[in-house]
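Here is the structure we will look at, set down as structure tokens.
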């Protein structure tokens, strides 16, 4: 096993970034061996120049060595207090799928557990300001994935991420949150309770050290891990240049499947999914079955063909909305029949239908026909 204290000490040597850290430890097999190696031996490692080799070789005697020791001790103390641990690139628990991406972290700060089945998970991502329709779709798809035993991967951000994690938790499934701050700095703060719920069956992970703040620059980098862990990425509502678009493009670079839920034409601020579909970068999906069919060859042995499908997540409705919603099913129904079934006047029925359509619970077709989504 890799000594994490020595690994953190080595990571704090000037000039040692993630790539060099991986190269050195992989070459010597242990961070202590790296710290004890001569400059000549270090310089023989690919990517290590003479200046860096000399810096590493003399790091134990460097003026800042005591400061680095104290910093590492503080980090490990905070980690222990939070109930977390470090999983290194060389540990069996480290996700194999992450090892194959460009620039994988040399170590992860982890709350909860990492499991091999995470490689069959689906990343569900999208805007921080979704429509009710987007929330409903995220909940339905995530609950469905969870019910099939497929982990839901996301970033614990407001909006679609939160809906995806929460639905997976409610369905009793596994979900992994990849955050852009230290694992002791849950952001947004209102998701602290959700993070605790995730730990019952999943994990909260980060490449950022304890106490790291959720700075804006962290999140685009974080996104490569969201897509890197997963088998595929499902995008639900995003702006043309949103963070979910970054995740989608990173997923393509990583060889992952990308799926997108189409957005209504009028949703210009959330039309990123339509752009992905139009440009051939994402496959259009309208249901969980669409996604599973596309991934079936890669899910063989992970889920069975007769695995139960989830019941749709019920939207939050008012009393009158519920009366109209209960008068519908997935087969189109004329507004006059809906009015009769619900006991409301045609005009009141229409008002409730329009509200339901806005919430994403109902879709309207030609001829005054309506159906549940």
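Give me the log10 of I(q) over I(0) for the range 116-299 at q = 0.14 Å⁻¹, as the Debye formula computes it from C-alpha points; what are the numbers?
Those come out to -0.66, one per q.
Going by average Cβ density within 10 Å per residue, which order do the peptides 351-357, 209-215 take, highest to lowest?
351-357, 209-215
Using only the C-alpha atoms of the range 16-147, find the volume of their convex hull and express it per residue in Å³.
163
Could you please rank 28, 370, 259, placing first whichever residue has the fewest other Cβ atoms within 10 Å of its Cβ?
28, 370, 259
If one computes the Cα centroid of the range 90-138 and of the range 4-61, what distance in Å separates the two points?
The range 90-138 and the range 4-61 have Cα centres spaced 29 Å from each other.
Between the range 222-259 and the range 166-201, how many Å separate their Cα centres?
19
For labels at residue 66 and residue 347 in the simple 7 Å Cα→Cβ model, what's the distance in nm?
My value for the distance between the label points is 8.4 nm.
Within 10 Å of each residue's Cβ, count the other Cβ atoms and sort 175, 162, 55 from fewest upward.
Exposure proxy ranking, most exposed first: 55, 162, 175.
For 348, 329, what ranking results if the residue with the fewest other Cβ atoms within 10 Å of its Cβ goes first?
Neighbour counts put them in this order, fewest first: 329, 348.
Using a basic spin-label model with each label point 7 Å from the Cα along Cα→Cβ, how many nm lie between residue 296 and residue 334?
3.8
Which of the peptides 250-257, 63-70, 230-237 is most tightly packed, and how do the rest follow, going by the mean number of other Cβ atoms within 10 Å of each residue?
Ranked by mean Cβ neighbours within 10 Å, highest first: 230-237, 250-257, 63-70.
Report the far tail of the P(r) of the range 4-71, meaning the percent of Cα-Cα pairs longer than 20 Å.
Looking at the range 4-71, the distances longer than 20 Å represent 15 percent of pairs.
Could you give me D for the range 319-372, from Stokes-Einstein at 4 °C and 1.567 mPa s, where the hydrodynamic radius is the Kirkwood radius over C-alpha pairs? Units µm² s⁻¹, please.
124
From Cα pairs below 8 angstrom and at least 6 apart in sequence, can you work out the relative contact order of the chain, rounded to a whole percent?
Relative contact order here is 12 percent.
Quickly estimate the mean residue ellipticity at 222 nm for the chain, helices only: each DSSP H run with n ≥ 4 gives -39500 (n - 2.57), and the total goes over all residues, rounded to 500.
Only helices count here, giving -13000 deg cm²/dmol.
No value in this document is a laboratory result; all are computed from the given coordinates. Small disclaimer: the values here were computed from a predicted structure and weren't measured. Positions of Cβ are backbone-derived with ideal geometry, glycine not excepted, and every protein chain shown enters the neighbour counts.
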